[in-house]
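Shown next, in structure tokens, is the structure this report addresses.
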Amino acid sequence: MEYRKIPHTKKETSVLGIGTWSVISPEWGGSPERAEEIIRNSLEYDVNLFDTADVYGNGIGDKVLGKAISTKRDRVVIIEKIGFVPHNVRKDRLSPEVLDKRLKDALRRLNTDYVDILMLHNPIMDDITNGDIYEFMKSTVEDGYAESIGVALGPTIGWLEEGIESSKRGYLALEHIYNVIERKPGEDLLKLNVAHFIRVPHASDVLDETKWPIEENHTLHRRYKNLEWLIRASEAVKELKDFLSVRGMSLSEVALRFVITNLAVTSVIPNISSISDIRRFVTEIEKGKLDEETLSFLKNQYDKKFKPLNQESIRETELYK
């Protein structure tokens, strides 16, 4: 397993990370009953990055992670996200007092006295530019509750201005979407001198042929993505799939390897809901960075077929602003 230094910290992280939302949530195919075993198993594959949030399963994600790593805290890197407020609830914005309570509650659930990276969870621009919120976040580093602070951008993609402003304000890590189909604004964000944790590398299952066919399913999280977009995207990647098949590569493998080929990426966090997912993704990502021929073909496919899909995804973000 490749490890990379987390910018602005003394820590290193595996290039493959695990999010607790997918391992505990039926929306991703996970369950709380299996989650602890999955997390412990991932440690055997030298995965040491775990991404969680106070709202995942109303705290269950934190509890499961805390229990699974209880004797291995010094071996792991924890990203804890706090402060999520649904974007249609404008009257209930964030405050230092709310964030402080959420952090302390999360630490108790995790059974630890610190997290490695503390992030604001899907904030809007008003939160990012709020000086009181930034001073609180900075104080968590000074008080030893976090080693670094950052911002998780979302939902969806298209938060370029928010990402740039976060970096300007002094946040040192971003979590955002970047994949073969949805390159923008990730490519621009990756130019910022911060740690970059990438989610949705498989573009809502379009780039993971083990999840095909993409059909309407109201129990899965991808229901939030326009079904018509998913179907068109699945059609658009067929030429790419054929190109890769001749070379003995899968879409899923290339989706992960594409992300880590960019050396500005600190780690990629795919949706994992089973031990078999861990084994498969570890095997795929350990093949390393992509060769120039494959990268050139991917760029050609983006320009010919994927760019309009990317632009549609960016426009979705306007619903949340």
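For segment 241-294, enumerate the residues that are under 17 Å from I181 (Cβ atoms), out of contact with any Lys or Arg (no Cβ under 9 Å at 6 or more places or on another chain) and β-branched (V, I, T).
Across segment 241-294, the qualifying residues are V254, V259.
Is it true that S250 is without any contact (Cβ under 8 Å) to a residue 24 or more places away in the chain and more than 19 Å from E2 (Cβ to Cβ)?
It is false that S250 is without any contact (Cβ under 8 Å) to a residue 24 or more places away in the chain and more than 19 Å from E2 (Cβ to Cβ).
For segment 145-175, which positions are of a type in the set (G, A, S) and closer than 15 Å to F197 by Cα?
Residues satisfying the conditions are S148, G150, A152, G154, G163, S166, S167, A173.
Any chance segment 130-146 includes a residue that's touching a residue at least 40 places away in the same chain (Cβ under 8 Å) and under 16 Å from the mean Cα position of the chain (by Cα)?
No: segment 130-146 contains no residue that is touching a residue at least 40 places away in the same chain (Cβ under 8 Å) and under 16 Å from the mean Cα position of the chain (by Cα).
Going through segment 44-58 one residue at a time, which ones are buried (at least 17 other Cβ atoms within 10 Å of the Cβ) and on the phi < 0 side of the Ramachandran plot?
Those that are buried (at least 17 other Cβ atoms within 10 Å of the Cβ) and on the phi < 0 side of the Ramachandran plot: Y45, V47, N48, L49, F50, D51, T52, A53, D54, V55, Y56.
Identify the residue in segment 105-129 that is under 23 Å from D62 (Cα atoms) and acidic (D, E) and, among all such residues, is nearest to the chain's Cα centre (by Cα).
The selected residue is D116.
Quickly run through segment 150-208 and pick out the residues that are hydrophobic (A, V, I, L, M, F, W, C) and either part of a strand (DSSP E or B) or under 21 Å from I78 (Cβ atoms) (or both).
Hits for segment 150-208 are V151, A152, L153, L172, A173, L174, I177, V194, A195, F197, I198, V200.
No lab work stands behind these numbers, since they all come straight from the coordinates. Worth saying up front: this structure is predicted, and the values here are computed from it rather than measured. Cβ: placed from backbone, ideal geometry, glycine included. Neighbour counts: every protein chain shown.
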